[in-house]
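Report on the following structure.
The values are calculated or read from the model by the stated rules, or taken from the named source; none is laboratory data. Values in this document were obtained by computation on a predicted structure and should not be read as measured data. So basically every Cβ, Gly included, is an ideal-geometry build from the backbone, and we count neighbours across all protein chains shown. These accessible areas exclude ligands, DNA and RNA; they are computed on the full protein's heavy atoms, side chains included. Shrake-Rupley method; radii C 1.70, N 1.55, O 1.52, S 1.80 Å.
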Amino acid sequence: MTTETTLAIDWSQIDTVLFDMDGTLLDLHFDNFFWLDHLPQRYAEIHRQDEAEVREKLAKKFAAKRGQLDWYCVDYWSRELALNIEALKHEIGDKIAFRPFATEFLLWLKHHDKRCYLATNAHRKSLELKLARTAMHDHFVAMISSHDYGYPKEHDGFWQALVQAHGMDLSRALFVDDSLDVLRAAKRNGVGHLLAIPNPDSRHPSRDTGEFIAIGDFRLLMQNG
């Protein structure tokens, strides 16, 4: 992992900036709290089961789908768990929040004539909930859910569909994400500039971002343009 103190971006080589949503622009605490705490509690209440047993059962179900499109799909989990996942997410919507200086960075990019896209694995129902809480749509040329293409961002098919739909030159794009698997897929498909978020959940310590440059503070990027 390259430290942030050595971070340097040549903005003259970048026309397009692609952002992940959860853990990149938004604090991942909402999602972690929902899937690891709120959902098991509510599942146990609604289905009248022991919460400890529910947590173990859900952990196995989630692990079996990790990295697949179903893992991110509100409709899939609603069917699988016999719950209204969308409604349960609304119950804790007050926890949705931007990461520090995310909105300032988006405004800075607009001022510098960069085309910004949201590229998320989140289901459209999750995206709509977060848009209602944050008004993120004002900042983007387009907001893309991997469900639109039928492939998660970890899959080459997502990137091929993205280029076909929007005609962008990925070699002149910057992509920011908190998932190393997604960043590796982006690199494999020709994205020229990649940054990793080391601290996606504000309640958790920073983590190693492997071979990718870490950017925990968007202000460092605004000093460089």
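Among the residues of the range 86-96, write down those that are surrounded by 15 or more Cβ atoms within 10 Å (Cβ to Cβ) and out of contact with any Leu (no Cβ under 8 Å at 6 or more places or on another chain). Give the derivation first.
Looking only at the range 86-96, we keep the residues that are surrounded by 15 or more Cβ atoms within 10 Å (Cβ to Cβ), and these are 86, 88-89, 92, 95-96.
Result: Ile92, Lys95.
Could you run through the range 171-187 and say how many residues are part of a helix (DSSP H, G or I), in contact (Cβ under 8 Å) with a residue 60 or more places away in the chain and either over 19 Å from Asp208 (Cβ atoms) or not aliphatic (A, V, I, L, M) (or both)?
2
Just give me the residues in the range 151-196 being under 16 Å from Cys116 (Cβ atoms) and among the β-branched types (Val, Ile, Thr), in sequence order.
Correct list: Val176, Val191.
Filter the range 97-120 down to the residues that are in contact with a Lys or Arg (Cβ under 9 Å, 6 or more places away or on another chain), open to solvent by less than 10 Å² (accessible area, probe 1.4 Å), not in a helix (DSSP H, G or I) and not small (Gly, Ala, Ser) and list them by number.
Selection gives Cys116, Thr120.
Looking at Gly210, Gly190, which one is among the small types (Gly, Ala, Ser), assigned to a loop (DSSP other than H, G, I, E, B) and touching a residue at least 60 places away in the same chain (Cβ under 8 Å)?
Values: Gly190 fails: touching a residue at least 60 places away in the same chain (Cβ under 8 Å).
Checking each option against the conditions leaves just Gly210.
If His137 satisfies all but one of (1) at pLDDT 95 or above; (2) in a helix (DSSP H, G or I); (3) within 16 Å of the chain's Cα centre (by Cα); (4) under 19 Å from Thr16 (Cβ atoms), what's the number of the condition it fails?
(1) is the only condition that His137 fails.
Which fully enclosed helices (runs of 4 or more DSSP H) of the range 27-66 have 3 or more residues being farther than 22 Å from Arg203 by Cα, at pLDDT 95 or above and open to solvent by 30 Å² or more (accessible area, probe 1.4 Å)? Full working, then the answer.
Values: elements: 29-33, 39-47, 51-65.
The helices (runs of 4 or more DSSP H) meeting that bar are 39-47, 51-65.
Yes or no: the range 67-85 includes at least one residue that is among the β-branched types (Val, Ile, Thr), assigned to a helix (DSSP H, G or I) and open to solvent by 70 Å² or more (accessible area, probe 1.4 Å).
Filtering the range 67-85 down to residues among the β-branched types (Val, Ile, Thr) leaves 74, 85.
Among the residues that remain, those that are also assigned to a helix (DSSP H, G or I) are: 74, 85.
Still in the running and open to solvent by 70 Å² or more (accessible area, probe 1.4 Å): none.
Taking every residue of the range 67-85 in turn, none turns out to be among the β-branched types (Val, Ile, Thr), assigned to a helix (DSSP H, G or I) and open to solvent by 70 Å² or more (accessible area, probe 1.4 Å).
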